[in-house]
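This report concerns only the one structure given below.
A short reminder: the numbers here are calculations on the coordinates, not readings from a lab. Quick caveat, the model's predicted, so the values are computed rather than measured. Methodologically, a virtual Cβ is constructed for each residue, glycine included, from the backbone with ideal geometry; neighbour enumeration extends over all protein chains shown.
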């Protein structure tokens, strides 16, 4: 960009975003206090979605609160049968974590589809959830696991069930003064199967549609528990409860998977410039079948 | 409004500046430090031309503010050949026609430098997947993929460098 002179003759050099005050709190409570106090403030996590929007000036803020210095928000731990992931844990660190691969293999597999290596190095778990893009993988994984979001503010910590977290297109249940501190993903029984498939025009693009499956199958080949989640087809991730009900309590075979995937026809998908609703409905069924087949195979069933 | 002090180690040299908080790391490198090897294409995180290493990991420098790099070590394409001696990867780009206009090349080199560090024996698929974050409109990628695989072999010491005895 050429150097730009703003009114008043101040040579400000090459700048894309509108001016803002930058804050880099070192303590979590300071971050919460800044967010509660400052007008028109936004939190900066990994910046892989927010900064493009600022560069385009879709987003103009007076204050930017950088969470990058808050070590309290980084890392994973198993708490009460769930994998707790700090909001500022980088996607890359989760992608290569043996603990994530063991406890929440669906998350590990989904991460390979999140943007590119260069964006996963910076992008965070909490940032993806707060951004809540309907085609994003990480909100879909949280929907699949029935995750719990820990929302922090000066008023304390509030737990939000993920099914109540996404309230609409790129909208969440977070209050203006709340930030995500962590998310809990309940760990499924060891030996459960998972599957994750999405269709995008190029590797790393947002998916036109995708499906995530979790299957817990008993030694008698009967499905003890099933979760099927679609994303990219509605304003927020969608659990296909009809498919889950069809699978649960019944023997798992190819016909059962076909019938469950067919339940994805019941959805009424969005249409946009990337794909029409009918095409998305077709993808939803095909990707559901692939995800369920992978999950069955990994649960030890050749369906 | 929004001036902030930042101290960044770039290619082994420490720089302290007071900058606008909204100055991206890419513009900081190019306009404050005159390190114009880092190229800016789309400026919204799609093309990958501005890729640099931040604490050893690739990042799009158009999607970071210079103030976020405070205390970090940044490597730019200039850092790959500090004394004018091309890196093995850079030489492989020349030998395999891995560039034509050269605009995307700095980002390609930084992405592949990280890949070869993490994965000394990458498959063609590994290379192609790593390159999905970098756009090239000249080469059709074939020469770049060949250069990466060639560099990986040379770094493993299985093929003698051209010109060496």
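When shorter helices are ignored and each DSSP H run of at least 4 residues is given -39500 (n - 2.57), the per-residue value for chain A at 222 nm works out to -8000 deg cm²/dmol.
Distance between the pseudo-spin-label points of residue A:297 and residue A:222 (7 Å out from Cα toward the beta carbon): 2.7 nm. May I ask for log10 I(q)/I(0) of the stretch A:16-65 at q = 0.15, 0.18, 0.24, 0.30 Å⁻¹, from a Debye sum over the Cα atoms as equal point scatterers with solvent left out? Results for the stretch A:16-65 at q = 0.15, 0.18, 0.24, 0.30 Å⁻¹ read -0.38, -0.54, -0.88, -1.18.
Full extension of the chain segment joining residue B:156 with residue B:81 gains 25.1 nm, where the gain is 0.36 nm per residue of separation less the Cα-Cα distance. Inter-chain Cβ neighbour count for B:56-66, averaged per residue, equals 6 (cutoff 10 Å, partner chain atoms only). Cα centroids of the stretch A:30-46 and the stretch A:126-198: 20 Å apart. Could you tell me how many degrees, from 0 to 90 and to the nearest 10, lie between the Cα long axis of helix B:105-118 and the main elongation axis, the longest principal axis, of the Cα atoms of chain B? Here the helix axis deviates by roughly 70 degrees.
Each label point was placed 7 Å from the Cα along the Cα-to-Cβ direction; for residue A:102 and residue A:62 their separation is 5.0 nm.
Extent along the principal axes, Cα only, for the stretch A:193-298: 46, 26, 21 Å, with the longest axis given first.
For chain A, DSSP calls about 85 percent of its internal beta bridges antiparallel. Straightening the chain between residue A:245 and residue A:36 buys 71.0 nm, computed as 0.36 nm per residue apart minus the Cα-Cα spacing. I need the shape label for the protein assembly as shown. Rule: rounded when a/c is under 1.5, else prolate if a/b > b/c, else oblate, with a, b, c from the alpha carbon gyration tensor. Here the protein assembly as shown falls in the oblate category.
The mean number of partner chain beta-carbon atoms within 10 angstrom of a residue's beta-carbon across peptide B:22-32 is 4.
The fewest-to-most ranking of A:49, B:14 by surrounding Cβ atoms within 10 Å reads B:14, A:49.
Measuring between their Cα centroids, the stretch B:120-146 and the stretch A:238-270 lie 38 Å from each other. With a 10 Å cut-off around each Cβ of B:37-49, the average count of Cβ atoms from other chains is 3.
The spacing between the stretch A:284-303 and the stretch B:1-72, judged by their C-alpha centroids, is 44 Å. Here r is the Cβ-Cβ distance between residue A:158 and residue B:121 and R0 is 60 Å; the resulting FRET efficiency, rounded to 0.05, is 0.80. Cβ-to-Cβ counts within 10 Å put B:129, B:114, A:164 in ascending order as A:164, B:129, B:114, the fewest first.
A crude spin-label estimate for the pair residue A:279 and residue A:26, with each label 7 Å from Cα along the Cβ direction, gives 5.3 nm. Residue order for B:144, A:65, fewest other beta carbons within 10 angstrom first, comes to A:65, B:144. Between 0 and 90 degrees, the angle of helix A:28-37 with respect to the longest Cα principal axis of chain A falls at about 70 degrees.
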